[in-house]
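To keep things clear, I will list the structure first and then write my remarks on it.
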């Protein structure tokens, strides 16, 4: 699966995502598919109102869809000043798939989620 560190977010689709984040952050959740992560397990701590996502295998666990969204959010937040970060609010959908142990199955999911829509458009 591709490395997230070097994603090109200069294309027109990425610019639309960034524009929504900057100009209509309350709409971001509705206009973006979000981020899907493969994880070893997920747990919820009611007492602390916190979610823990365990990523134990660097080959099997991580973002499988929404890498551009993740990169754009990180870049956007890096560009904000400390005061702006304190007042910024936007939501992104996060889907966590846990317990997948078959690499070929995960690989197929990755390609279907990332390239399947392109095949449907042709």
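The values are calculated or read from the model by the stated rules, or taken from the named source; none is laboratory data. None of the values given here were measured: they were computed from a predicted structure. All Cβ positions, even for glycine, are placed from backbone atoms using ideal geometry, and neighbour counts span all protein chains on display.
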Only residues that are under 21 Å from residue 113 (Cα atoms), in contact with a helix residue (DSSP H, G or I) (Cβ under 8 Å, 6 or more places away or on another chain) and without any contact (Cβ under 8 Å) to a residue 40 or more places away in the chain: list them for the stretch 21-44, please. 31
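This table checks each residue for (1) part of a loop (DSSP other than H, G, I, E, B); (2) touching a strand residue (DSSP E or B) at 6+ places or on another chain (Cβ under 8 Å); (3) surrounded by fewer than 10 Cβ atoms within 10 Å (Cβ to Cβ).
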| site | (1), (2), (3) |
| --- | --- |
| 51 | no, yes, no |
| 58 | yes, no, yes |
| 76 | no, no, no |
| 109 | no, yes, no |
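Within the stretch 78-97, work out how many residues are outside any helix (DSSP H, G or I), out of contact with any helix residue (DSSP H, G or I) (no Cβ under 9 Å at 6 or more places or on another chain) and more than 23 Å from residue 115 (Cβ to Cβ).
Step one: filter the stretch 78-97 for residues outside any helix (DSSP H, G or I), giving 80-81, 88-97.
Narrowing further to those that are out of contact with any helix residue (DSSP H, G or I) (no Cβ under 9 Å at 6 or more places or on another chain): 80-81, 94-96.
Add one more test, that the residue is more than 23 Å from residue 115 (Cβ to Cβ), and what stays is 80-81.
The total comes to 2.
Can you tell me which residue within the stretch 84-96, out of those that are surrounded by 10 or more Cβ atoms within 10 Å (Cβ to Cβ) and either modelled with pLDDT under 95 or out of contact with any strand residue (DSSP E or B) (no Cβ under 8 Å at 6 or more places or on another chain) (or both), is farthest from residue 69 (Cα to Cα)? Explain how you work it out, then say what you get.
Filtering the stretch 84-96 down to residues surrounded by 10 or more Cβ atoms within 10 Å (Cβ to Cβ) leaves 84-85, 88, 90-96.
Then keep just the ones that are either modelled with pLDDT under 95 or out of contact with any strand residue (DSSP E or B) (no Cβ under 8 Å at 6 or more places or on another chain) (or both); that gives 84-85, 88, 90-91.
Details: 84: 20, 85: 18, 88: 17, 90: 13, 91: 12 Å.
Top of the filtered list is 84.
For the condition out of contact with any strand residue (DSSP E or B) (no Cβ under 9 Å at 6 or more places or on another chain) and either under 16 Å from residue 20 (Cα atoms) or loosely packed, with under 10 Cβ neighbours inside 10 Å (or both), what is the one hit in 116, 99, 81, 66? Give the steps one after another, and end with the answer.
Numbers: 116 fails: either under 16 Å from residue 20 (Cα atoms) or loosely packed, with under 10 Cβ neighbours inside 10 Å (or both); 99 fails: out of contact with any strand residue (DSSP E or B) (no Cβ under 9 Å at 6 or more places or on another chain); 66 fails: out of contact with any strand residue (DSSP E or B) (no Cβ under 9 Å at 6 or more places or on another chain).
On inspection, the qualifying residue turns out to be 81.
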